[in-house]
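Okay, so here's the structure we're looking at.
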Amino acid sequence: MESCKVYLMNKQKENMNGFEVTGSITRVQSKTYFFENGSNVVTFSETDSSTTNEKSDGKYCLQRLNTQDSITLDESPFVSEIFVKHPDENNHSGAPLGGFLCSGYRSDGTFLHAFCTPRKDGILAKDLVVKEKDILVCVNGKMTLGSFEYDHEGVLELFWTLPLSTTISMVKYNRKSDTFTTMEFLLEWTKEDIIVKENSVKLMAQPPTVEALLFRRDFTSLAYQNGKLTLCKSANVMSDCAHHFIVRKTLDEGLYMVYTFQVQKDRSKFLGINGTKLDIVDETNDANIKKFRREEINKDVYLKPYGKDDMYVYYNKKEQVFELVTRKKVLKNEGFGCILPYWPNPRA
């Protein structure tokens, strides 16, 4: 086995309290990042790696993912055990949450963080049901997925400073089930260790939401009426189901957020791209024309057809339709996007 030095919270350690690192990891550090444009795409595999973490000698082995389509994370040097700070300021050792944080980059250079090697008897796996390769979306309202701010060291610091006796909220994403899960729990200290307070854990799979798509300029909204997509006003958009779409979100191959909008009044219909215009399409149509990403530009939010990063759904006021236009036109004439009552982090 190759020797390696492990950096945790900027402190170098030759041994990790009963953990050892396999030779497939050359180094682990929590600062200084390197990537090259064009070669920094991060993806995950649907195939689980081995979950046998405990060895016969009582030590735990940090096992790297071993799949071709997650090669960037596999080879990432940014892997650290996750610790929580001890309430005694004179105690600098902290306590482990029972797993490691692996960090990499998505294709746009934003950060991506995943849990790896969760110990079966640790807080992450035992109490919070964290699985191998689960992606960390946010911690206590701090959006970590798709962030330029929260690098490997920054996320370790979020865990290090988790509060005691105060509800902690985290969101993770599991690719095998395409499920976002919100985890709420309380931490407390015993004399020697940190534990999850009894009966404090709430695990909630995030269901689809029902939303109205509003047009910023004249307070109208998209509606499904007489089998067609229209833009009109309603006395009460929030209660008029003609204006409602069931919004589902997932992560694509590059781990970017993707949205679908199902018509609430007719579940066989979806928002989709018909030629160069936003329209109502059937459930049986090509799945990709029903998928959208979104981008915020100068405080306006625009839907983007999946797989067409240079095109935006833009309101043509003269024709009174939403059509596809280039980014150049969007920047030239602001304020012609559509908005939802709530959007997550713009770069998610």
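Here Asp193 fulfils each of the conditions (1) in contact with a strand residue (DSSP E or B) (Cβ under 6 Å, 6 or more places away or on another chain); (2) at pLDDT 90 or above; (3) charged (D, E, K, R) apart from (2).
Within the range 206-227, restricting attention to residues that are hydrophobic (A, V, I, L, M, F, W, C) and under 24 Å from the mean Cα position of the chain (by Cα), the residue that is nearest to His86 (Cα to Cα) is Val210.
Only one entry in Ser103, Ser200, Ser93 is of a type in the set (S, T, N, Q) and within 30 Å of Glu296 (Cα to Cα), namely Ser103.
Per-residue answers, yes or no, for (1) in contact with a Gly (Cβ under 9 Å, 6 or more places away or on another chain); (2) at pLDDT 50 or above; (3) not charged (D, E, K, R):
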{"residue": "Phe44", "(1), (2), (3)": "no, no, yes"}
{"residue": "Val79", "(1), (2), (3)": "no, yes, yes"}
{"residue": "Phe83", "(1), (2), (3)": "yes, yes, yes"}
{"residue": "Ala95", "(1), (2), (3)": "no, yes, yes"}
{"residue": "Arg106", "(1), (2), (3)": "yes, yes, no"}
{"residue": "Asp121", "(1), (2), (3)": "yes, yes, no"}
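Report yes if Leu145 is out of contact with any Ser or Thr (no Cβ under 6 Å at 6 or more places or on another chain), within 23 Å of Asn91 (Cβ to Cβ), assigned to a loop (DSSP other than H, G, I, E, B) and of a type in the set (A, V, I, L, M), otherwise no. Judged against the criteria, Leu145 is not a match.
Of all the numbered requirements in (1) modelled with pLDDT under 85; (2) open to solvent by less than 70 Å² (accessible area, probe 1.4 Å), Phe322 misses one, and that requirement is (1). The set of residues from the range 229-248 being out of contact with any His (no Cβ under 7 Å at 6 or more places or on another chain) and modelled with pLDDT under 90 comprises Thr230, Leu231, Cys232, Lys233, Ala235, Asn236, Met238, Ser239, Asp240, Cys241, Ala242, His243. If the condition is being touching a residue at least 24 places away in the same chain (Cβ under 8 Å) and more than 23 Å from Val258 (Cα to Cα), then the range 170-186 contributes only Phe185.
Okay, residues lined up against (1) closer than 16 Å to Phe78 by Cα; (2) crowded, with 20+ Cβ neighbours inside 10 Å:
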position: Gly122; (1), (2): no, no
position: Lys131; (1), (2): no, no
position: Cys138; (1), (2): no, yes
position: Met143; (1), (2): no, no
position: Gly154; (1), (2): yes, no
position: Ile168; (1), (2): no, no
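Contact map, the range 187-211: first residue under 30 Å from His244 (Cα atoms), second residue in a loop (DSSP other than H, G, I, E, B) and of a type in the set (Phe, Trp, Tyr), Cβ cut-off under 9 Å, separation 6 or more or different chains; pairs are Thr209/Tyr342; Glu211/Tyr342.
So in the range 154-179, with the set limited to residues that are hydroxyl-bearing (Ser, Thr, Tyr) and either within 19 Å of Pro96 (Cα to Cα) or outside any loop (DSSP other than H, G, I, E, B) (or both), which one is farthest from the chain's Cα centre (by Cα)? If we take residues in the range 154-179 being hydroxyl-bearing (Ser, Thr, Tyr) and either within 19 Å of Pro96 (Cα to Cα) or outside any loop (DSSP other than H, G, I, E, B) (or both), then Ser165 is farthest from the chain's Cα centre (by Cα). Against the list (1) open to solvent by 70 Å² or more (accessible area, probe 1.4 Å); (2) closer than 30 Å to Gln264 by Cα, the condition Ser177 fails is (1).
The rows are residues; the columns are (1) closer than 30 Å to Phe270 by Cα; (2) touching a strand residue (DSSP E or B) at 6+ places or on another chain (Cβ under 6 Å); (3) not hydrophobic (A, V, I, L, M, F, W, C).
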site	(1), (2), (3)
Phe148	no, no, no
Leu158	no, yes, no
Pro163	no, no, yes
Val171	yes, yes, no
Ser200	no, yes, yes
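Pairs meeting the criteria (first residue in the range 289-305 and within 11 Å of Val330 (Cα to Cα) and of a type outside the set (Asp, Glu), second residue open to solvent by 20 Å² or more (accessible area, probe 1.4 Å) and assigned to a strand (DSSP E or B), beta carbons under 6 Å, at least 6 apart or on different chains) are Val301/Ile339; Tyr302/Glu295. The condition of being of a type in the set (Ser, Thr, Tyr), assigned to a loop (DSSP other than H, G, I, E, B) and surrounded by fewer than 19 Cβ atoms within 10 Å (Cβ to Cβ) holds for only one of Ser76, Ser93, that being Ser93. Of the listed requirements (1) assigned to a helix (DSSP H, G or I); (2) touching a residue at least 40 places away in the same chain (Cβ under 8 Å), Ala114 misses just one: (1). Across the range 180-205, the qualifying residues are those that are surrounded by fewer than 17 Cβ atoms within 10 Å (Cβ to Cβ) and among the hydrophobic types (A, V, I, L, M, F, W, C), and the one among them that is nearest to His86 (Cα to Cα) is Trp189.
The values are calculated or read from the model by the stated rules, or taken from the named source; none is laboratory data. Just so it is clear, the model here is predicted, and its values are computed rather than measured. Cβ: placed from backbone, ideal geometry, glycine included. Neighbour counts: every protein chain shown. With ligands, DNA and RNA removed, areas are computed over all heavy atoms of the protein, side chains included. Shrake-Rupley method; radii C 1.70, N 1.55, O 1.52, S 1.80 Å.
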